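To start, the structure itself, in C-alpha cells.
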Amino acid sequence: MAEAAKKEQAEMLRTISPVDNSVLVERPLQTAADIDAALTRAKAAQKSWRSVPMAEKQALMLKFMDALVAKADEIGAELTRQMGRPVRYTPGEIRGAMAERIKYMVDLAPKALADIIPPDAREGFKRFIRREPVGVVAVIAPWNYPYLTAVNTIVPALLAGNAVVLKHSAQTPLCADRFAAAFKEAGLPEGVFQYLDLSHADSEKLMADPRVDFVNFTGSVKAGHAVQKAISGKFIVAGLELGGKDPAYVRADANLEHAVENLVDGAFFNAGQCCCGIERIYVHESVYDRFVEGFVELTKKYVLGNPLDPETTLGPMVRTAAADFVRGQVEEAIAAGATPLIDEKLFPMSKKGTPYLAPQVLVHVNHSMRVMTEETFGPVVGIMKVGGDDEALRLMNDSDYGLTASVWAQDAAAAEEIGNRLETGTVFMNRCDYVDPGLPWTGVKDTGRGASLSQLCFESLTRPKGFHLREKI
C-alpha cells in the first residue's frame, strides 16, 4: 500500500499556496505518451503556421494579450494565491509589463524578421538572407514572474513561425491554463501552442526529444546544467537565464533620496524574489551613513501580511523552505560579524516555520559571507562602505553571476565608464529591477547564455537561409 501511495503521489501535481498552506491545485502529471502526442501535434501545426502572413500573426498576438488584460484582476488574485505576491501588485504584471512587452515584440517582428540584403549588390543576381523558424520551441518557465518570463519567448517564437510547448512551474500551473485559454479565445490554430504538466524527469525527456528544436529555460544554475545534459544528444542550443546576485553602487554624487527609494523597492519587491532584484549595495563612504539611515527608515514602512489584503506591501516567500534558506544566510552572517538593522518584532507576521519573513538590512558585511556572494532570492540586502569607483567595481565583479548592475550617480560619463568595466548583461544608471523590451535580456558567467527581448530575441528562434538567385542567363 505504501508503494502504491508513493507512486500515486509521484504522478500528481500539487501546488501548495504560500498564503495559507492550502492545496491550491491537484491534478495528474502528464506522461511520456502525452509528450509524444503534443510534439506530434506541434510538428504538424507548425508546418502551416509558419506560412501565415505576419499581419495575421500580429493580430492574433494582440488578441491574446487583450484576452489576458481583460481578466487582469481575476488573474492577479489567482497568481497571488499561487506564489504570494501581494494582490495590490499582481494585476500589474498582466496589464502593465506583460502588455508592454507583447506590444513591443509585435511591432518589432516585421523589421526584425525581414530579409537581409547584402550591401554589395551584384547585377543579374538576387541575394538575400531569410530567417526561417527553427520549428518547435520548448519553454520551461519559472514561478516568480510567470507571465512576464514566459511571454518573453512564447510571443516572439510564435511571431517567427514556430510552435510552442510550455512546461510551467509546478508552483504556478494555472498560468499555463490562462495562456491556453487566451490563445484559444484569440483564434490561434490548434497545436501551435500547447502546455504540459511534467515531472523533472519527463521535462528532460521533452527537451531531449529530437522534435524539439530550441529550449528556453529560466531557473537555477543546477537545473541549467540538467538542461544542457538533456539536449546534449542534439545539435541545438538552449537559452538559459539562471542565477543572479545583482549589485548596486551609490557614488558620492548620487541623488540619495532617489537612490534610497528605488533601491529599497529593487531589493524587496516580490519579497526579493526577482531575477534582477538588488541583493548587495556598495555605497561611497562620504554618503554611506545618510544612505543607510534613509534605507532603513523606508524599509520599516513595509507591511508584511496576507497578500490578499490590499494593504499588504510584502507577502510571504514562495515556500517555507525558501524562507528558511534566507534565514540561514542571515543568521550565519550575523554570527560572522554582520549587524542587522531591522528589528523583526516590527513585522509580527514574520515567524520561523512559515514563509512569512521580515525584510532585513545588514551592514558590517563582507565577501566572506554567503549573503554577499551566494544568491539569496529573498527580502535581505547587505550594504558595504567603499572608498571609490575602483573598489566598488572590484566588489561588484566579485561574483559568479552577472545579470544586471546599477550605478547611482549624477555624472553620466562616469557611470558609463564604470558600466564598460562591469561584468554584467545590463548596466543601469539611476534605476534597477526593470526589463526594457528594447534591450536584450541576457547575462554572463553562471547567469547563463542567450538573449530574450529586443531584436536579438529572434536570433535563437530562427535560422538563417541564404538565397543566391541568378536572374539572367
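Just so it is clear, none of the values below were taken in a lab; they were calculated from the coordinates. Not measured: the values here are computed from a predicted model. Glycine also receives a Cβ, built like all others from the backbone with ideal geometry; neighbour counts cover every protein chain displayed.
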Subject >> Amide H partners (placed H, <5 Å) of T447, local residues excluded >> reply: G402
Original post:
Mind checking which lysines have their C-alpha under 22 Å from K229, skipping anything on the same chain fewer than 8 residues away?
Top reply: K167, K205, K445
Original post:
Within a Cβ distance under 14 Å of T404, other residues only, what is the Lys/Arg minus Asp/Glu net charge?
Top reply: -3
**OP:** Pop a pseudo-label 7 angstrom from the Cα along the beta-carbon direction at both I129 and A70 and give the gap in nm to one decimal.
**Re:** 4.1
Original post:
Most exposed first by the Cβ proxy, i.e. fewest other Cβ within 10 Å, how do H364, H200 rank?
Top reply: H200, H364
**OP:** On each of the three principal axes of the Cα atoms of the chain, give max minus min coordinate, whole Å, ordered largest first.
**Re:** 77, 69, 41
**OP:** Go ahead and run the numbers for FRET between Q410 and I473, Cβ-Cβ distance against an R0 of 56 Å, rounding to 0.05.
**Re:** 0.30
Original post:
Could you give the length gained on full extension between E26 and A181, defined as 0.36 nm per residue of separation minus the Cα-Cα distance, in nm?
Top reply: 53.9 nm
Original post:
Taking θ as phi - 60°, what are the ³J(HN,Hα) couplings along segment 207-221 by the Karplus curve (6.51, -1.76, 1.60), each to the nearest whole Hz, with x for Gly and Pro?
Top reply: 5, 7, 4, x, 7, 8, 9, 7, 10, 10, 10, 10, x, 7, 4
Original post:
Each residue of segment 126-140 in order: what ³J(HN,Hα) in whole Hz does its phi give by Karplus 6.51 cos²θ - 1.76 cosθ + 1.60, θ = phi - 60°, with x for Gly and Pro?
Top reply: 10, 10, 7, 10, 10, 8, 9, x, 6, x, 10, 10, 9, 10, 10
Original post:
What is the fewest-to-most order of C274, C457, C175 by other Cβ atoms lying within 10 Å of their Cβ?
Top reply: C274, C175, C457
Subject >> Amide hydrogen neighbours beyond the local backbone of E132, cut-off 5 Å, H modeled >> reply: R463, K465
**OP:** Please work out the FRET efficiency for the pair K352 and A252, using the Cβ-Cβ distance as r and a Förster radius of 41 Å; give the result to the nearest 0.05.
**Re:** 0.55
Original post:
Which of the peptides 228-234, 330-336 is most tightly packed, and how do the rest follow, going by the mean number of other Cβ atoms within 10 Å of each residue?
Top reply: 330-336, 228-234
Original post:
Helix 54-69 versus the longest principal axis of the chain: what angle, 0 to 90°, nearest 10, using Cα atoms?
Top reply: 40
Subject >> Neighbour net charge for A414 - beta-carbon separation under 10 angstrom, K R +1, D E -1 >> reply: -4
Subject >> Using alpha-carbon coordinates, inclination of helix 173-186 to the longest axis of the chain, degrees >> reply: 40
Original post:
Short version: ³J(HN,Hα) in whole Hz for each residue of segment 421-431, in order, from phi by Karplus 6.51 cos²θ - 1.76 cosθ + 1.60 (θ = phi - 60°), x for Gly and Pro, what are they?
Top reply: 9, 7, 8, 7, x, 9, 10, 9, 10, 6, 7
Subject >> Under-5 Å amide H pairs with I16, H placed in peptide plane, nonlocal only >> reply: L24
**OP:** Compare the peptides 205-214, 153-162, 410-419 by average per-residue count of other Cβ atoms within 10 angstrom and give them in order, highest first.
**Re:** 153-162, 205-214, 410-419
Original post:
What angle do you read, to the nearest 10 degrees and between 0 and 90, between the alpha-carbon axis of helix 32-49 and the longest principal axis of the chain?
Top reply: 60
Subject >> Ordering of 61-72, 115-126 by burial proxy (mean other Cβ atoms within 10 Å per residue, highest first) >> reply: 61-72, 115-126
Original post:
For R27, what is the net charge nearby, where nearby means another residue's Cβ is under 11 Å from its Cβ and Lys, Arg count +1, Asp, Glu -1?
Top reply: -3
Subject >> Whole-Å semi-axes of segment 246-436's equivalent ellipsoid (Cα gyration tensor) >> reply: 26, 17, 16
Original post:
DSSP beta bridges in the chain, what fraction antiparallel, as a percent rounded to 5?
Top reply: 35
